[in-house]
Each structure stands twice: as C-alpha cells, then as structure tokens.
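See structure below.
Here, each number is a calculation from the coordinates, and none is a lab measurement. Remember, it's a predicted structure, so these values are computed and weren't measured experimentally. When we count neighbours, we look across all protein chains shown, and the Cβ atoms used for this are built from the backbone with ideal geometry, even at glycine.
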Amino acid sequence: MKIHEVDDIFPLYGVQESLLFHYLMDPYSKSYHAMIYIELDGDLNEKCAEQAFFLTVRNNFALRSVFHWNNIGKAVQVVKKNATHLFIKRVNDCVENTDEWFATEAEKIWLHNINIENAPYIFCLLISPPRRSAIIIKHHHILYDGWSNAIFINEFWENYRIVLNTTNGRDVNTVSEHAFLSTGNTCSADKRSLIKDIPQKLASESYDDIFSQKQYKIKSNETYKKLLINKKTKSIESSISYWQDYFSKYTWLSEKHTYNLEKNSYIKHSLHVNNELAQEVIALARRTNASIVNIWSALISYVMQNVLSCDDIVMGLVNSGRDVPIRGIDSIIAMCVHTIPLLVKKIASNSDIIDVINKIRDDMINVIDYPIQSEHDIAKLFKRRTLFEFVINMLNYPVNEVNKITDCLNVNKWYSHEETSYPVCFFIKEANGFEVFLQYEESALTTDQVKQIDMYFNELRKMLV
C-alpha cells in the first residue's frame, strides 16, 4: 500500500483487539460475521443503487478501511482514500423459482470468507426482473457494530433517493461495468468466480454535483478520533483495581461447566415469547424507566441461574459504547461496542424483579467508568479464557421501520444473522413484540438444559406479574 492511498490510520479500539485475536486463531471461521438481508418489491433503479452505494462508501471512513498487523509492531485500522470492499451484482434471468434463487444466493454470500486485510465487508445487489430485488450486506464485526448497520442502510436509502431525484431516473454514469460481477444466466455451466474485487479507483468526479448540494453533509473522521482520545484518558490502574474487587468473592461457574471453545459448531434455537410476556416487558419498562435490555438481562439471568443450578452468575451485556459526550457519535459507522461483564446475584422466584432490574442498571452505569481494553483483558486478571456464562445481544436494526423507500419501491421482508465465539448467546430482536434466539456451542448445553430454558421462558410472565 502506497502512502498516497492512505487517508488515516487508527489504533484498534477496545473490542477490535479481541476480534482480531479470534480472527487470527481461525481466519476461515464465521465467528463475528454478520449479515443483513433486505428483500425489495418494486422498481429498483440499478444504476442509482450502485451510485448510492459508492456515495455511502465515500462518506464513511469505516467503509474504506482495512486492517494490518504484520511487520508493523501493533495492529492498526487503515482508512484508504478509495474503496476497500467487495461489490457483487447478480441477475436472475432464467430461474423460475425465485424464492429458491434468492435463498441460494444469500447462502453463498454467508458462506463466503471475509479477508479483513483486503475487504472487511461485502455489498451484494440481487436482481430478479421485473420487480423483485434484494440487498445483502455482510461484514466482519471488527469493522463496525450492529448500530452501524442501521446507519449504513438508512444512509444508503437517503443517497438512493438523492441520486434518483438528481437524475430524474435517467441512466447515470457509474464506475466502469467491469467493476461488477453480473453473471446473468445462473443456469449455465459457467464456473466463473462469484466474487470479484472492485477496482481501488472510484470515479469520484461523477459525484461532485451531488456532494455540492446543501442537503448532503460530508462526515469527517474527527468524531471517531475523539472517541479514541476519550478512551485513553481513563486510568487503566483504577480499572484493574475495580474489576479485581468486583469479582473478588465470586466462584467461577464455568470451572464446573467446561466449554469446548476450540470447536465452532453452533446450534440456533428459537425461544417462545408470547404476546402477553412481550406486553409485560414493555409495561414494566414504562413503569420503571428501565431499558428493555435491563429487563431481559434480569429475566434471562433468572432462567440461567436455575438451569445451571447456581446462585450468582456472570453475564456479558453488549453495550453500544456510544453513551459518551461526543457530538455525532450516534451517526458514525464504526466498532464502538464493548461487552460488559455483570455479576448478577441469586434471583429467587419471589424476588422483587424491579430491585434486580435497578441493580443491573446501576452496575451498567458504574462499570462504564472502569473500562479495560477488552473483556479478554479482564479475563486475564483472573487467569481465565472467558468471563461469561452467557452473553445478551440486542439486535438493533431498525430497518423494519423503513417500509417505503420511494413511491414505487418497498421493503418486502428482512432478516439478520450473525455468529459469535461465545459458548452461549441470547439474541433479542424487537419487532412487533420480541423474538429471542438462543445460540449455543453444542458442548455448552445439554438437550435437557435447553428444554429447561424453554420451560422457564414459558413461566416468565408469571414471575413478572
């Protein structure tokens, strides 16, 4: 890489170092890969979609980033002036079963390996004439977090509308056609590669008319720099002292429940959350001014304490990392999250759940003032490979709120999928109620324990009432 190709260089932020560790352990693993699939119904202007994508890339440093660590002493995130991604365009013009075609293409994207040194994410445009299309974004979490996915998607659609209105729907100039892969007839014996690197040179001059519009504000890298500086001002010594005291009287449960962390075979299990339970959670949030994640943390801790037959338990709670007084922090695409270890004391069936929720909320506020570079650094203090008995992750992808893109283009459906290296993880999605998924490494939980989790979930509403 030449110096004139570089826009900026950042040290890795917090959890990025842990993610790099996992990546180097197994570069072909799908751990910390995430994918979002958005299916569309209506007239999608392909050229405008392509140009909207490149506008979004130009305006966000993370989407022009790669990661380097060899022969430089310390791993860094390098922001390039031009593109660092894979762009795929696939067209279906012969397959009659379009549902199967979309599902197959999405599976191919998920199975494709990501190389964070060259292209940490993939943007895929699927076209099935005349009125059906889909957008797939797959990335490695070292690049950006789930919050950023919503920013990426919303900004992409904003750019799409700007380009469409600027050009009045006529053909627009984009990067030369050889930059894209459009295999066309997927039924042929053509065995060409499904993915082709886009050239590192963007036709930026074709965007000048759009960037000059007052409605389009170019973001800078300064917000992210302030986040890095804010982190460095914290005292590592005081953080170490805090965590040593926090866990001083805890007997680690996973010494009795050993997880096979070398194996990466996960099972995904859907947990039943009926409408009555969802309404009770929302009502409790309103009554107590607690967050939804605080309430679910208390409920799932109660379930796992009973299933694992323990009193106290340590969970990992994924925090947005954007609760800092930095202007613009909520609108940048970056990896800001960190996983907070929280010790939850025994929750009896007759415990006041509000007291438990308030304790979790207060602990979350306190631990933010005592950051460590990553949860693995805390684990090292106690000579452990992992801190958590389980992790809770809220999937905050608010794209279901954006049903109408233009007058003739709508979101038909969407879903997200991601994997971690944690042995037991609960994913919670809020969409017309709640969907809760349990993802676990097959040696972490027995079949009977999973059945017990199901049973306790069915009893949670009684506990709340």
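Observations
- Placed amide H near Gly14: partners under 5 Å, 5+ positions off or other chain: none
- Rounded FRET efficiency, nearest 0.05, which uses the C-beta distance separating Asp352 from Asp26 and R0 of 41 Å: 0.40
- Computed FRET value (nearest 0.05) for Glu459 with Ile365, which takes r as the C-beta separation and R₀ as 22 Å: 0.15
- Per-peptide packing, taken as the mean over residues of other Cβ atoms within 10 Å, places 298-305, 159-166, 118-125, 323-330 in the sequence 298-305, 118-125, 159-166, 323-330 from highest down.
- Computed label-point distance, nm, for sites Ser331 and Thr446 using a 7 Å Cα→Cβ extension: 5.4
- Set of the range 340-368 residues, backbone N closer than 18 Å to the point 7 Å along the Cα-Cβ line of Arg287: 348-361
- Counted by Cβ distance under 13 Å from His272, the other residues give a net charge of -2, where Lys and Arg count +1 and Asp and Glu count -1.
- Scalar couplings 3J(HN,Hα) for the range 72-80, obtained by applying the Karplus form with A = 6.51, B = -1.76, C = 1.60 to θ = phi - 60°, are 10, x, 9, 5, 9, 9, 9, 8, 8 Hz; x denotes Gly and Pro.
- Separation in nanometres of the label points that stand 7 Å from Cα toward Cβ, at Asn165 and Glu107: 4.2
- An ellipsoid equivalent to the range 1-156, defined through the eigenvalues of its Cα gyration tensor, has semi-axes of 30, 18, 12 Å when rounded to whole angstrom and sorted largest first.
- For Met335, distant residues with modelled amide H under 5 Å away: Asp145
- For the range 1-44, applying the loop criterion from DSSP together with a ceiling of 10 other beta carbons within 10 Å to the chymotrypsin sites (Phe, Trp or Tyr not before Pro) yields Tyr28.
- Estimated FRET transfer efficiency when R0 is 60 angstrom, pair Asn274-Lys74 (beta carbons, to 0.05): 0.75
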